[in-house]
Every structure is written in structure tokens, then in C-alpha cells.
Amino acid sequence: MDKIIIEGGRLLNGRVAASGAKNAALPLMAATLIAPGLHTLYNVPDLRDTRTMLKVLETLGAAWTRTETEVRIDTSRLTGAEAPYELVKTMRASVLVLGPLLARTGYARVSLPGGCAIGARPINFHLRGFEQLGVRTTLREGYVEAAVDDRLQGNVVYFDSPSVTGTENLLMAAVTAEGKTVIKNAAREPEVGNLIDMLTAMGAEIQGRDTDRLTIHGVRRLHPTEISIIPDRIEVGTYLIAVAAAGGEATVTDCIPAHLPSLVEKLRGAGVGVVEHDTAITVTGIPPGKKDAPALRSVDIRTMPYPGFPTDLQAQFMALMTIADGVSVIHETIFENRFMHVAELQRMGGNIKIGGPTAIVKGKGRGGLSGAPVMATDLRASASLVIAGLAARGVTEISRIYHLERGYETMVDKLRGIGADIRIVRE
Ligand code: EPZ
């Protein structure tokens with residue numbers, strides 16, 4: 001089992017570039033299925049999850065090539081409409097091929113993704129929305145079959161909660177539907193905006209970008225396009241928190257500061273210096289043990305849909321709060337089981353108590369964590385353990401790092417580039 005080994009206590013200084021957003025690359029790669037032809041996507045991160053999405057597209061008959069950051073996908077000939085369990089079970093975002101296949105062929109058969117470490121993660125909102133557009137959905141042998149006889153029919157779709165991939169799936173289905181579709185209580189994440197930009201470039205007619213109400217006027221067909229993936233705001237946030245926890249001063253480049261409104265405010269509230277530039281953010285973490293250094297203050301967070309505090313940064317921020325001075329109340333409102341990192345942080349000395357969707361973190365001040373062998377359980381929990389290891393005294397060994405490799409492009413190299421004593425041991 002490959003492991004990450006970290007010798008904590010090093011200050012982090014220098015510059016690190018953000019990669020393209022995993023959670024934009026996945027829907028945008030799926031969107032290529034809607035229009036036959038050659039599509040080009042720029043700034044695509046090379047991750048376990050983007051490689052899985054390419055396998056899913058290949059299963060459907062698409063052909064692709066990639067350079068370091070560019071991916072060309074040719075969807076001229078589709079030979080299938082089924083996303084198999086073997087692939088979907090490794091990446092639930094495979095369900096994002098449902099909308100495009102319905103728009104292109106009127107039929108799709110996708111394995112139900114099943115739950116994952118952070119929650120049951122049903123797709124009922126997606127399926128209810130498709131039914132609103134005239135699609136028949138049936139669940140059989142763990143697969144969902146979605147079919148429509150002729151064209152999808154535009155309609156009003158209302159989401160009980162603003163599902164990100166639910167909004168993306170319905171957008172991709174509605175672009176060639178007959179008439180007008182209105183999506184109410186839509187997700188407003190920047191990744192949804194990136195998808196809207198791509199669909200518009202393909203000839204779709206969509207109003208309401210960045211709002212919770214999207215209006216789509218269906219068109220007969222779309223054409224291939226080329227599009228750039230936006231920077232990964234969760235990766236950027238992860239590095240900002242890492243520098244705040246380890247201390248030092250570093251700049252994350254190639255990013256969009258406006259995509260992290262709530263994290264920037266929370267870091268400043270904790271006493272961390274944050275300077276926003278056009279396409280970069282500089283963060284100054286308080287060096288541990290520096291005489292009369294201002295303390296890292298405990299702040300409360302409540303995860304919310306964008307532009308609220310992202311659930312995907314909750315685990316990372318909790319690691320920071322374990323070494324603050326005070327008590328931080330962390331409320332996870334999006335997923336029902338997103339505290340898998342707590343037990344591992346406790347093994348490193350974190351003083352955390354969980355009560356349902358709330359964690360109470362009693363900060364132990366800088367130097368409050370000590371390195372230990374820990375185990376990653378899901379993508380963002382892994383990032384939380386890396387941050388804790390960077391701030392801890394001594395050596396931290398993280399196992400099951402395949403979780404991390406799903407969503408962070410060359411994280412170990414990027415952290416070494418700003419001074420971390422971190423390496424991968426391939427076993
Ligand atoms: C997207 O997942 C992201 N994944 C997640 O990132 C992210 O945590 C999440 O949005 C919230 O921001 C991708 O974009 C590929 P939701 P998604 O539908 O779309 C419930 C990461 O670490 N719900 O917005 O699956 C659901 O259970 C990943 O990169 C239903 O009940 O999340 C959850 O409680 C993790 N029925 C809430 O809504 C549905 O049909 C929000 O889920 C859909 C969702």
C-alpha cells in the first residue's frame with residue numbers, strides 16, 4: 001500500500017500553481033456526448049477521477065487523446081449507452097453521462113452509484129427532474145434505465161436542495177428538449193457556470209448563470225466546441241489552509257480568488273494574512289513557536305451551498321482549528337457522514353467532540369498535534385490529514401492515499417515545491 005510520509009514543522013514558502021477543477025472537468029467531459037464531433041478541453045487535471053471519466057466515455061464509443069493539460073474527445077460515433085457498475089462504483093460522478101445521453105439519443109442505462117464514505121448520496125433529484133422532462137426511469141438490477149420516445153419536453157424542474165451534479169445533469173438534458181425548461185433552486189457553484197459557458201459555446205440558449213434559477217430554450221442540435229476548465233477552488237483552498245497551518249508565506253497562482261469568498265473571510269477571522277491578487281492569493285501563516293506571534297484564533301464554520309463555506313473544505317479547515325487557540329464549532333449541513341477524518345485527527349492529538357452534524361474543536365495551540373500513522377478514508381479527509389501532518393511535531397504516515405490521488409494533481413510535488421518535507425513511499 002502506497003504511503004505518504006511527512007516530517008512536520010517545516011514552514012511553507014514560495015509559489016504553487018492551481019490545476020484545473022476536478023468538479024468542472026467531470027461534467028464538461030460528459031457534455032461532449034451531446035454533440036457529435038471533436039471537442040477540445042484545456043486545463044484538464046490528470047487525476048484518477050478524470051481518467052475514470054475518460055474510460056466511461058470510451059465505453060460509450062468516444063475516442064480521446066490528451067497532452068499534459070489538453071484533452072481532445074471525439075464523440076462522432078457512440079456505440080453504447082451504458083455506464084457499467086465496475087466504473088460507476090469507483091466514481092459516482094459517472095452519473096453525469098445520463099443527461100448528455102438523453103439529449104443525444106433519448107436513452108441511457110447507468111449503474112446506480114451506491115453510497116460512499118461521506119453519505120448515501122442518492123440521485124433521486126436527478127431522476128425526478130428527468131421525469132419532469134418526459135423521461136421514463138426504471139430501476140432494475142442496480143441500474144437506472146432512462147428513456148424517452150421522441151424529444152425531451154421542456155418543463156419546470158424544482159430541486160428540494162441545490163444539487164450540484166443534479167443541476168448539471170438537468171442542464172445537459174434540457175439543452176435539446178422541446179421548448180423551455182426552468183430549473184428552480186439550481187446550484188450556483190462556479191463549476192456549474194463553467195458548464196453553462198461550454199453548453200452556450202456549443203449553441204445552447206441558457207439564461208441565469210450564477211443564479212438559482214436557470215432558463216433553457218431547447219435547440220434541435222448542438223455543435224462541438226473548445227473550452228477551458230476553471231481553476232480548482234477546492235485545491236486552492238486546501239493549499240491556503242496548509243500554509244496557514246504550517247506557517248510561512250506562499251502564493252497560490254493560476255486561480256480565481258473570487259471563487260473562495262467564504263474561506264478567505266474565515267482565514268482572516270482566524271488571524272491569517274490573506275492578500276487577493278487578480279489570479280493569485282498570498283497567504284501568511286503564523287510560524288509556530290515564533291515569539292509573541294499572534295495566536296491562530298478559533299472560528300466557527302457552517303458548510304453551505306455556494307457561495308457559503310464549501311463542504312469540500314470542511315475537513316481541511318478542521319485540521320487548522322485543532323491548533324488554534326479557543327473553541328471552534330463546525331457544522332456540516334450538506335452530507336450526513338462527513339466527519340470520517342475526526343478519528344484520525346484525534347489520533348494525532350486533536351481535541352474534537354462530535355454531536356450529530358456538529359463537531360466541537362478545542363484548539364490546542366501551535367504544536368498541539370503530534371505525528372502518527374493515520375489512514376485516509378475519502379478524498380477531502382486525506383487532504384485534512386496531510387495538513388495536520390505538515391503542522392504536527394514529528395512524523396506522520398498516511399495510508400490508502402489512492403483517495404487523495406482522485407482529486408489532487410501531484411499534491412506531494414506541489415507541497416515539496418514550497419518547502420514541505422513530504423514524500424510518497426510506493427509499496
Ligand atoms: C458535488 O457532489 C461534488 N462532486 C462534491 O464534491 C461536493 O461535495 C458536492 O457537490 C457539494 O458541493 C462533483 O461535483 C463531482 P449534491 P454532488 O448533489 O453533486 C443530497 C469532492 O470532494 N442529494 O450537491 O453529488 C446529497 O445526498 C466531492 O470533490 C439528494 O438527496 O452533491 C447531499 O446531501 C465530494 N438527492 C446534498 O444533496 C439527489 O438526487 C448535496 O449533494 C442529489 C443530492
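The values are calculated or read from the model by the stated rules, or taken from the named source; none is laboratory data. Only a predicted model underlies this, so the values are computations on that prediction, with no experimental measurement involved. So basically every Cβ, Gly included, is an ideal-geometry build from the backbone, and we count neighbours across all protein chains shown.
Check Thr176, Thr137 and return the single one that is part of a strand (DSSP E or B) and among the hydroxyl-bearing types (Ser, Thr, Tyr).
Exactly one of Thr176, Thr137 is part of a strand (DSSP E or B) and among the hydroxyl-bearing types (Ser, Thr, Tyr), namely Thr137.
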Test: residue in the stretch 339-351 that is at pLDDT below 95, more than 23 Å from the chain's Cα centre (by Cα) and either assigned by TED's automatic domain parsing to the domain that holds Leu240 or surrounded by 16 or more Cβ atoms within 10 Å (Cβ to Cβ) (or both): no
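Considering each of Glu168, Glu58, Glu131 in turn, give the residue that is assigned to a helix (DSSP H, G or I), in contact with a Leu (Cβ under 7 Å, 6 or more places away or on another chain) and among the charged types (D, E, K, R).
Numbers: Glu58 fails: in contact with a Leu (Cβ under 7 Å, 6 or more places away or on another chain); Glu131 fails: in contact with a Leu (Cβ under 7 Å, 6 or more places away or on another chain).
Matching residue, one of Glu168, Glu58, Glu131: Glu168.
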Residues that are surrounded by 15 or more Cβ atoms within 10 Å (Cβ to Cβ), within 16 Å of the ligand (Cβ to nearest atom) and among the aliphatic types (A, V, I, L, M), drawn from the stretch 118-152: Ile118, Ile123, Leu127, Leu133, Val135, Val144, Ala146
Those residues of the stretch 226-274 which are of a type in the set (Gly, Ala, Ser), part of a strand (DSSP E or B) and surrounded by 24 or more Cβ atoms within 10 Å (Cβ to Cβ), in sequence order: Ala250
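Could you check, for the stretch 392-401, whether at least one of its residues is in contact with a Lys or Arg (Cβ under 7 Å, 6 or more places away or on another chain), within 16 Å of the ligand (Cβ to nearest atom) and hydrophobic (A, V, I, L, M, F, W, C)? Walk me through how you get there before you give the answer.
Here is the first cut: in the stretch 392-401, the residues in contact with a Lys or Arg (Cβ under 7 Å, 6 or more places away or on another chain) are 397-399, 401.
With within 16 Å of the ligand (Cβ to nearest atom) added as a condition, the list becomes 401.
Then drop every residue that is not hydrophobic (A, V, I, L, M, F, W, C), which leaves 401.
Yes: one or more hits.
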Residues (acidic (Asp, Glu) and away from the ligand (no atom under 16 Å from the Cβ)) located in the stretch 232-288: Glu249, Asp254, Glu265, Glu276, Asp278
Residues that are closer than 17 Å to Ala31 by Cβ and of a type in the set (Ser, Thr, Tyr), drawn from the stretch 99-135: Thr105
Those residues of the stretch 83-111 which are within 17 Å of Phe130 (Cβ to Cβ), more than 14 Å from the ligand (Cβ to nearest atom) and without any contact (Cβ under 8 Å) to a residue 60 or more places away in the chain, in sequence order: Ala83, Thr105, Gly106, Tyr107, Ala108, Arg109, Ser111
Selected residue [of a type outside the set (Lys, Arg) and without any contact (Cβ under 8 Å) to a residue 40 or more places away in the chain] from Ile206, Ile241, Ile230: Ile206
Unique match (being closer than 27 Å to Tyr402 by Cβ and in a strand (DSSP E or B)) among Thr65, Thr40, Thr50: Thr65
Residue in the stretch 179-202 that is surrounded by the fewest Cβ atoms within 10 Å (Cβ to Cβ), counting only those that are polar (S, T, N, Q) and assigned to a helix (DSSP H, G or I): Thr200
Options Val374, Val327: the member that is surrounded by fewer than 16 Cβ atoms within 10 Å (Cβ to Cβ) and in contact with a strand residue (DSSP E or B) (Cβ under 7 Å, 6 or more places away or on another chain): Val327
Answer from Ile229, Ile206 - the residue that is within 25 Å of Asn185 (Cα to Cα) and within 15 Å of the ligand (Cβ to nearest atom): Ile229
